[in-house]
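The values are calculated or read from the model by the stated rules, or taken from the named source; none is laboratory data. Fair warning: this is a prediction, and the values are worked out from it, not measured in the lab. Here the Cβ positions follow ideal geometry from the backbone for every residue, glycine too, while neighbour counts run over all protein chains shown.
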Amino acid sequence: MKQNLILNGEDVSLKGEDEDSLFAVLKAETKLFSGIICCQKGFCGRCHVLLEGREVPSCLVPFYQARQREVVTPEGFAATEEHRIFRQLLDEEGLVFCHQCTEAQIFHLSAYLEQFPAPEEEELRTAISEIPCRCGSRPVLERAVRRLAALKESDRAGRR
Amino acid sequence: MPDEDNLPPLVHTPKTLTEALALLNAYPKAQLWAGGTASPEQDFSSPIRLPTTVVSLHLVEDLKRVQYGDRFVDLGAGMTLNQVLHVMKAFLNPALRQAILATGYTALRNLATLGGNLCQKGFFGDLFPVLHLIGAQFEFRGLRSARWLTSTQVSDEGRLTPLAGEILTRVRIPQEDWPHFFYQKIGNFRTPWDERLSMTALARTKHGLVEALRLIFYLPHTGLLRHRGLEAEFVGQRVPFAPRLRQEALKSIQEAMQELSLPPSLFQKDRVLHMTRWVLSQIQDD
């Protein structure tokens, strides 16, 4: 059964059953999440998407819930100015990029800051630990996220 | 006749509460689907194991409303746990906030709903024990009925069970100040049932005396363990508590555990005593 949704800003029609996971449909019907291995149980954090602006694990979302709704994947987010700025901050802090977790971390932490703009230190560390990562990059991520949060805050203050 | 298990699920996506209730009435075997995050316990994989007939509540805006009263806040049962954190902010009871944060990571809390956590069939006991202690009330609506129940009128299992054709629609959270709060959850859905439990404690003191103390444990296979007699004995007692009073409290808790219909495991007994001892040693004057 085909269902219409807005995927990374474009109207698309994707084929899938109601009970398929959104992740499975995106992987099968598009070139998104290419090479990404997902645990399919909501633990690994690599399949996260924004569904109506909120970060969710797409392997836990039945496909029918995406009908007529807006979905943004890490690939879609990678084309934004915010992603470019975050990536630049991570470069400056010396992060070594890995294919499996870095993009998931960038996506997750950007979404997190959008939802919780001024996290306490402990909350931020918890947020960073939510994407399993064995690259040892957490301190670097923390510094970059703090700088990104400060940039966002000054941007918001400028708009007021 | 086709095998019912092999048929694709019939998914209904009502947009109003009335529509959702009408669907539940028309399809008595239909199951409600809220965030769907309790399902990982059942070995999640694509396709997701949807029930044969589903009434999905994700588009029902009536279940996501917030109403503020003088001394309470009514939260729609369809609100996600992050929406609850966001809406309540500083007004949220700190123990309830800790319990919400302990349910899962940020993205999961964007799916998981308040009502789902309270009514799900797995035994997590995340939010109900805290809501029980703070005296929350729960609204259930049917097609032609509406009723409010206090937490003591609903089950002692640690979760809510609406009647057939009913939906949990609102949770009324009293706004009371509890300067001393403790919440601790041990184990997750991967942990064997007899090694899981949660503890919530709330206390209020004035001029060095206890005004109120509440303590509850959730044991997955047994339900809630709350010793009201013990709580009453602490009212008017001076803090910090005398060692003898604490010892007597531990003895009372031990006896209460022996009276449960299903006895707790050794591990649970040990943790209950340990956490009781810890809570009682932490309460000082405000």
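Per-structure values
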item: Condition check for B:VAL55: within 13 Å of chain A (Cβ to nearest Cβ), among the β-branched types (Val, Ile, Thr) and not in a helix (DSSP H, G or I); result: yes
item: Among residues of the range B:179-196, those that are touching a Leu at 6+ places or on another chain (Cβ under 8 Å), modelled with pLDDT under 95 and farther than 17 Å from B:ASN117 by Cβ, counted; result: 1
item: Residue within the range B:123-131 that is under 20 Å from B:VAL272 (Cα atoms) and charged (D, E, K, R) present; result: yes
item: Selection count, the range A:125-160, where residues are farther than 14 Å from A:ILE85 by Cα and within 14 Å of chain B (Cβ to nearest Cβ); result: 9
item: Condition check for B:GLN67: polar (S, T, N, Q) and either away from chain A (no Cβ under 14 Å) or free of Cβ contacts under 8 Å to residues at least 12 places away in the same chain (or both); result: yes
item: Qualifying positions in the range B:26-37 - within 14 Å of another protein chain (Cβ to nearest Cβ) and among the aromatic types (Phe, Trp, Tyr); result: B:TRP33
item: Whichever residue in the range A:48-85 is free of Cβ contacts under 8 Å to residues at least 40 places away in the same chain and among the β-branched types (Val, Ile, Thr) and, among such residues, is farthest from the other protein chains (Cβ to nearest Cβ); result: A:THR80
item: Selection from the range B:3-25 of residues that are more than 14 Å from chain A (Cβ to nearest Cβ), out of contact with any His (no Cβ under 9 Å at 6 or more places or on another chain) and modelled with pLDDT of 95 or more; result: B:THR16, B:LEU17, B:THR18, B:LEU21, B:ALA22, B:LEU24, B:ASN25
item: Members of the range A:110-124 found to be more than 10 Å from every other protein chain (Cβ to nearest Cβ) and either β-branched (Val, Ile, Thr) or farther than 13 Å from B:LEU101 by Cβ (or both), listed by number; result: A:SER110, A:LEU113, A:GLU114, A:PRO117, A:ALA118, A:GLU121, A:LEU124
item: Those residues of the range A:1-16 which are among the acidic types (Asp, Glu) and crowded, with 20+ Cβ neighbours inside 10 Å, in sequence order; result: none
item: Residues that are aliphatic (A, V, I, L, M) and out of contact with any Ser or Thr (no Cβ under 6 Å at 6 or more places or on another chain), drawn from the range B:97-130; result: B:ALA99, B:ILE100, B:LEU101, B:ALA102, B:ALA107, B:LEU114, B:LEU118, B:LEU127
item: Residue check for A:ARG69: over 18 Å from A:CYS47 (Cα atoms) and of a type outside the set (Gly, Ala, Ser); result: no
item: Residue match in the range A:92-104 (condition: touching a Leu at 6+ places or on another chain (Cβ under 9 Å), farther than 28 Å from B:PRO8 by Cβ and in contact (Cβ under 8 Å) with a residue 40 or more places away in the chain); result: yes
item: Count of the range B:258-281 residues which are surrounded by 19 or more Cβ atoms within 10 Å (Cβ to Cβ) and either without any contact (Cβ under 8 Å) to a residue 60 or more places away in the chain or on the phi > 0 side of the Ramachandran plot (or both); result: 1
item: Subset of the range B:270-286 [in a helix (DSSP H, G or I) and closer than 15 Å to B:LEU215 by Cα]; result: B:ARG271, B:VAL272, B:LEU273, B:HIS274, B:MET275, B:THR276, B:ARG277, B:TRP278, B:VAL279, B:LEU280, B:SER281, B:GLN282
item: Residue match in the range A:34-47 (condition: at pLDDT 95 or above and either surrounded by fewer than 18 Cβ atoms within 10 Å (Cβ to Cβ) or within 9 Å of another protein chain (Cβ to nearest Cβ) (or both)); result: no
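Table: residues versus (1) closer than 14 Å to B:ARG170 by Cα; (2) in a loop (DSSP other than H, G, I, E, B).
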{"position": "B:THR37", "(1), (2)": "no, yes"}
{"position": "B:LEU59", "(1), (2)": "no, yes"}
{"position": "B:LEU108", "(1), (2)": "no, no"}
{"position": "B:LEU118", "(1), (2)": "yes, no"}
